[in-house]
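Take this structure first; my questions come after.
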Amino acid sequence: MAQQPSSCQYIPSDQQKLGLPLIHGANVSHVFHAKEQVTAVDRVEFGITAGKITAIIGESGSGKSTLLKLIYGLLEPDTGEIRYKGWLVPTRKDKLIPGHDAMKLVSQGFDDLNLYAKVWDNIASQLPNTNLERKVSKTQETLEKLKISHLAQQRVADLSGGEKQRVAIARALINEPEVLLMDEPFNQVDAAFRDALQQDIRHIVDETGLTIVLVSHDPTEVLAMSDELIVMKNAKILEQGTPEKLYYNPAHGYTAQLLAKSNILSPQQAASLGIQTESTIGIHQEDIRFEQNSQGTFILKDIRFRGFYKEVVFGNGSLTLHAILHPIVYLPIGQRFSVTVDRYSTFMS
Ligand code: ADP
Ligand code: MG
């Protein structure tokens with residue numbers, strides 16, 4: 001992509017730092033001064049690679065939306081700095097119209113859409129009238145990319161959540177930003193349509209080299225589409241890595257629970273399974289094998305229907321373990337089972 005000066009240096013005193021990822025944050029904090037002071041982002045360090053999908057995941061209130069707004073320049077860091085292509089991201093004090101010129105933010109709840117206007121007008125209105133032919137062809141092209149050409153003449157208000165989200169993305173992409181930021185983009189999209197939308201976004205990234213940063217409180221919904229995950233908890237970034245790395249080798253129990261609904265065990269609890277450790281450990285549900293056994297130390301407490309598998313819950317008094325039953329066979333609740341662990345992760349915290 002062309003190096004536009006407008007997407008780089010805004011701040012006259014700034015010097016470009018080389019050798020950084022496309023977007024880089026160093027020691028970034030943000031404090032809200034409401035009734036009480038809230039440190040929403042606390043001295044975080046992160047890198048976002050060009051042409052990839054990075055998902056910021058974490059429970060509600062962990063600081064994800066604040067971090068996204070800091071990246072875009074809607075909020076100003078109280079400590080540290082964020083750089084895009086090595087240049088400081090300008091904030092309200094540097095720039096009249098908030099938001100980095102090379103980026104677009106699709107906010108939560110379709111705030112930017114005009115619900116009573118047609119889909120076509122919502123998207124076309126982002127282009128100037130200086131070249132009407134281009135305006136028409138570019139709008140058409142963008143509608144096709146998001147697979148909403150057939151909706152062009154409908155009012156946005158009459159669309160489903162998934163269709164509205166496609167319009168919001170089309171509107172954000174028509175001016176070809178280098179980075180697309182999305183806050184909980186699948187919240188209002190029915191589960192059945194999520195996969196298709198995620199795949200279409202994936203294709204756009206693969207075809208155009210667009211960089212995407214998205215926020216989600218439900219990691220299972222973004223696991224399949226993301227190249228990189230940033231895990232947030234209580235305003236901190238706990239860890240960053242590929243979905244595979246963080247799924248199989250999480251450094252924190254929080255990550256294991258978030259991504260894998262992992263069983264988290266104290267060293268004492270681990271000892272009752274014959275695992276000697278001084279750290280907290282995590283055992284994924286799929287890594288627990290069990291067998292009905294009159295000498296077993298666990299009792300089958302509960303069986304929960306999960307669709308193609310069932311979740312089984314075992315207890316031995318001091319410890320409850322959740323495991324996966326697949327293929328589904330009959331198991332008697334209340335009977336004794338022996339339990340073996342195939343693998344586990346050891347945590348820093
Ligand atoms: P998330 O997106 O992960 O749910 P947020 O970034 O929205 O989290 O919020 C992080 C913390 O900052 C929360 O404790 C929230 O209540 C607080 N917060 C967010 N926005 C504001 C604001 N405008 N004023 C005061 N506190 C805020
Ligand atoms: Mg949020």
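The values are calculated or read from the model by the stated rules, or taken from the named source; none is laboratory data. Owing to the predicted nature of the structure, the values given are computational and were not obtained by experimental measurement. Cβ sites come from the backbone with ideal geometry, for glycine too, and all protein chains shown count toward neighbours.
Within region 54-78, restricting attention to residues that are under 13 Å from the mean Cα position of the chain (by Cα) and within 17 Å of ALA102 (Cβ to Cβ), which residue is nearest to ligand 2 (Cβ to nearest atom)?
Here the residue is LEU68.
Another question, then. Considering region 104-122 alone, what residues qualify as being within 16 Å of ligand 1 (Cβ to nearest atom) and farther than 26 Å from TYR84 by Cα?
Residue satisfying the conditions is GLY109 alone.
Has region 287-309 got any residue that is within 22 Å of PRO250 (Cβ to Cβ), of a type in the set (D, E, K, R) and crowded, with 16+ Cβ neighbours inside 10 Å?
Within region 287-309 (the criterion being within 22 Å of PRO250 (Cβ to Cβ), of a type in the set (D, E, K, R) and crowded, with 16+ Cβ neighbours inside 10 Å), the answer is yes, since at least one residue qualifies.
Given the options THR142, THR130, name the one that is polar (S, T, N, Q), more than 30 Å from THR255 (Cα to Cα) and part of a helix (DSSP H, G or I).
Among THR142, THR130, only THR142 is polar (S, T, N, Q), more than 30 Å from THR255 (Cα to Cα) and part of a helix (DSSP H, G or I).
Further question: Just wondering, is there one or more residues in region 293-302 that are more than 30 Å from LYS245 (Cα to Cα), of a type in the set (A, V, I, L, M) and in a strand (DSSP E or B)?
Yes.
Tell me which strands (runs of 3 or more DSSP E) are completely within region 209-249 and hold 1 or more residues being basic (Lys, Arg) and modelled with pLDDT of 95 or more, or say none if there are none.
Answer list for region 209-249: 228-233, 236-241.
Follow-up question, since we're still on this one. Would you mind finding the one in ILE237, ILE230, ILE212 that is more than 16 Å from ligand 1 (Cβ to nearest atom), within 20 Å of THR66 (Cβ to Cβ) and not assigned by TED's automatic domain parsing to the domain that holds GLU278?
On inspection, the qualifying residue turns out to be ILE212.
Sticking with this one: How about region 266-282: which of its residues are over 16 Å from ASN316 (Cα atoms) and either surrounded by 19 or more Cβ atoms within 10 Å (Cβ to Cβ) or acidic (Asp, Glu) (or both)?
Hits for region 266-282 are GLU278, THR280, ILE281, GLY282.
Now, a different point. Collect the residues in region 224-263 that are farther than 23 Å from ARG43 by Cβ, crowded, with 18+ Cβ neighbours inside 10 Å and touching a residue at least 40 places away in the same chain (Cβ under 8 Å), keeping them in residue-number order.
Result: MET225, SER226, ALA256, LEU259, SER262, ASN263.
Out of region 29-40, which residues are out of contact with any Phe, Trp or Tyr (no Cβ under 7 Å at 6 or more places or on another chain) and either within 16 Å of ligand 2 (Cβ to nearest atom) or in a loop (DSSP other than H, G, I, E, B) (or both)?
Answer for region 29-40, where residues must be out of contact with any Phe, Trp or Tyr (no Cβ under 7 Å at 6 or more places or on another chain) and either within 16 Å of ligand 2 (Cβ to nearest atom) or in a loop (DSSP other than H, G, I, E, B) (or both): HIS30, PHE32, ALA34, LYS35, GLU36, THR39.
Here's another thing I want to ask about it. Inspect all residues belonging to region 189-212 and state whether any of them is within 16 Å of ligand 2 (Cβ to nearest atom), hydrophobic (A, V, I, L, M, F, W, C) and within 19 Å of ASP111 (Cβ to Cβ).
Scanning region 189-212, I find no residue that is within 16 Å of ligand 2 (Cβ to nearest atom), hydrophobic (A, V, I, L, M, F, W, C) and within 19 Å of ASP111 (Cβ to Cβ), so the answer is no.
When the residues of region 326-346 are filtered to those that are buried (at least 18 other Cβ atoms within 10 Å of the Cβ) and not small (Gly, Ala, Ser), which remaining residue is farthest from ARG289 (Cα to Cα)?
The qualifying residue farthest from ARG289 (Cα to Cα) is TYR344.
Could you check, for region 259-282, whether at least one of its residues is assigned to a loop (DSSP other than H, G, I, E, B) and among the basic types (Lys, Arg)?
The answer is yes, given that some residue of region 259-282 is assigned to a loop (DSSP other than H, G, I, E, B) and among the basic types (Lys, Arg).
Please work out if ALA26 is within 13 Å of ligand 1 (Cβ to nearest atom) and either among the aromatic types (Phe, Trp, Tyr) or in a strand (DSSP E or B) (or both).
Here the answer is no, as ALA26 does not meet what is asked.
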